[in-house]
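Colleague: Take this structure first; my questions come after.
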Amino acid sequence: MLDPDLVFLNHGSFGACPVPVFEAHVALQRELERNPVEFLGRRSAGLLRAAREALGHCLGAQADDLVFVPNATTAVNTVARSLQLQPGDEVLATDHEYGACDATWQRVCAEHGAVYRRAVVPLPFQRERFVDTVLAQAGPRTRVVFASHITSTTALIFPVAELCAAARARGLLTVIDGAHAPGQIPLDLDAVGADLYAGNLHKWLCAPKGAAFLHARPEHHERLHATVTSWGYAEQVTGHSGFDAYLGRTVLERRLQWQGTRDITAFLAVPAAIQFQQTQLGPAVQARCHAQAMALMHRVAARTGLPAIATDADFAQMVPLAVATADGDALRRRLFEQHHIEVPVTHHGGQHFVRVSVPGYTTAADLAALESALTACGV
Ligand SMILES: Cc1ncc(COP(=O)(O)O)c(C=O)c1O
């Protein structure tokens, strides 16, 4: 559905929704509007359960350990607010985290007198050193380790399964921001082993906007609380539950799923997105996109003389092209306004990057257009 006059290379920020998935979403919205009471009141818990079953099947997880949320930011906020940090506790993140999640932890830590520390993960990236580098920056009061599965500004795949295992061995709780992982890399949540994992479905799984999830290992369900208090809390507060049919039966469903009247159809369209992914965007397409992204990275690096920040195996379908510019925002505006290319320019450690996303619909011509535009912009 993308504007054909646009070269859209920013799937990583807001993924494009394919026509069949969009149509499945609209069909669900129409169905809802035929009888909103039936759909939201009587059927929603069952419909959401079925969608979670499909998601769990796709992500190597139990449906009961998953809850739909509108975006990864909400999932990270839910977790940060639920942990009941104590004064002096420390949350250890990396210096590659996404700004909104970084801000969430900073705010929550400040409110509780806790410390938010960013472990420096130096570039060029050295995968085999990652876990030791991060955990060497933990202190005696570190309680939580927070890291992206795939980073936003630098597009690196962090070895989070290894990080979670090592952190667990030290008694640290792990929270993984998987905003870019589902649909971009094979993901088995049980194998990752994070205590809590936030994932987006509206990026690389190509679900409609407003579809994301929080995965929690069973031992953490009781400690999780919604940022919006609703009917799932009524029983404990007033002694009667009310609207039981809305709520489902597990603690995650009851507390986190019903958040007042809202449009749940993006969640319910997730099985359609999974089907599209499996039939149209499977491993062969992912491998082709990865190869295209890496070839682009090496061509641009050879031209600019600015080396890649990591090896090919450290990236999937997003790639950071190092560029020599003092004003990243001006470059982004120029690429959009003069060349109709939608691509973000990120910044890390004093270096700007044109962060290119290569989803299944990206063509060689799109990437060639970017390369010519970069040359025309003098970077
Ligand atoms: C690493 C990372 N985490 C979290 C998010 C937030 O995603 P959302 O806006 O869907 O909450 C993003 C968005 O780009 C991201 O790149």
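The values are calculated or read from the model by the stated rules, or taken from the named source; none is laboratory data. Nothing here was measured: the structure is a model prediction, and the numbers come from that model. Virtual Cβ from ideal backbone geometry, glycine too; neighbours counted across all protein chains shown. SASA here: full protein model, heavy atoms, side chains in, ligands and nucleic acids out. Shrake-Rupley method; radii C 1.70, N 1.55, O 1.52, S 1.80 Å.
Colleague: Just to be sure I understand, how many residues within segment 312-327 are without any contact (Cβ under 8 Å) to a residue 40 or more places away in the chain and closer than 30 Å to Leu281 by Cβ?
Modeller: 2
Colleague: Quick check on Gly12: is it in contact with a Lys or Arg (Cβ under 8 Å, 6 or more places away or on another chain) and not assigned by TED's automatic domain parsing to the domain that holds Gln259?
Modeller: Spelling it out, Gly12 is indeed in contact with a Lys or Arg (Cβ under 8 Å, 6 or more places away or on another chain) and not assigned by TED's automatic domain parsing to the domain that holds Gln259.
Colleague: Moving to a separate point now. Here is a check on your reading of the model: is Gln275 within 16 Å of Gln184 (Cβ to Cβ) and not small (Gly, Ala, Ser)?
Modeller: The answer is no for Gln275.
Colleague: How about segment 164-177: which of its residues are touching a Leu at 6+ places or on another chain (Cβ under 8 Å), open to solvent by less than 10 Å² (accessible area, probe 1.4 Å) and closer than 23 Å to Thr74 by Cα?
Modeller: Passing the criteria: Thr174, Val175, Ile176.
Colleague: If a residue must be assigned to a strand (DSSP E or B) and surrounded by fewer than 24 Cβ atoms within 10 Å (Cβ to Cβ), how many such residues does segment 178-213 contain?
Modeller: 1
Colleague: Something else: Can you tell me how many residues in segment 104-147 are open to solvent by 10 Å² or more (accessible area, probe 1.4 Å), aromatic (Phe, Trp, Tyr) and within 30 Å of Pro307 (Cβ to Cβ)?
Modeller: Residues that pass the stated criteria total 1.
Colleague: Just one of Thr153, Thr229 is within 13 Å of the ligand (Cβ to nearest atom) and open to solvent by 30 Å² or more (accessible area, probe 1.4 Å); which is it?
Modeller: Just a single option satisfies the conditions, and that option is Thr153.
Colleague: Please determine, by comparing only the residues of segment 124-150 that are within 19 Å of Thr73 (Cα to Cα) and of a type in the set (A, V, I, L, M, F, W, C), which one is nearest to the ligand (Cβ to nearest atom).
Modeller: Ile150
Colleague: Looking only at segment 77-102, which residues are within 15 Å of Val175 (Cα to Cα) and open to solvent by 50 Å² or more (accessible area, probe 1.4 Å)?
Modeller: Scanning segment 77-102 gives Arg81, Gln84, Tyr98.
Colleague: Moving to a separate point now. Out of Thr74, Thr133, I need the residue that is assigned by TED's automatic domain parsing to the domain that holds Ala45, on the phi < 0 side of the Ramachandran plot and under 16 Å from the mean Cα position of the chain (by Cα). Which one?
Modeller: Residue meeting the stated conditions: Thr74.
Colleague: On the basis of being charged (D, E, K, R), touching a residue at least 40 places away in the same chain (Cβ under 8 Å) and away from the ligand (no atom under 16 Å from the Cβ), does Asp177 make the cut?
Modeller: No.
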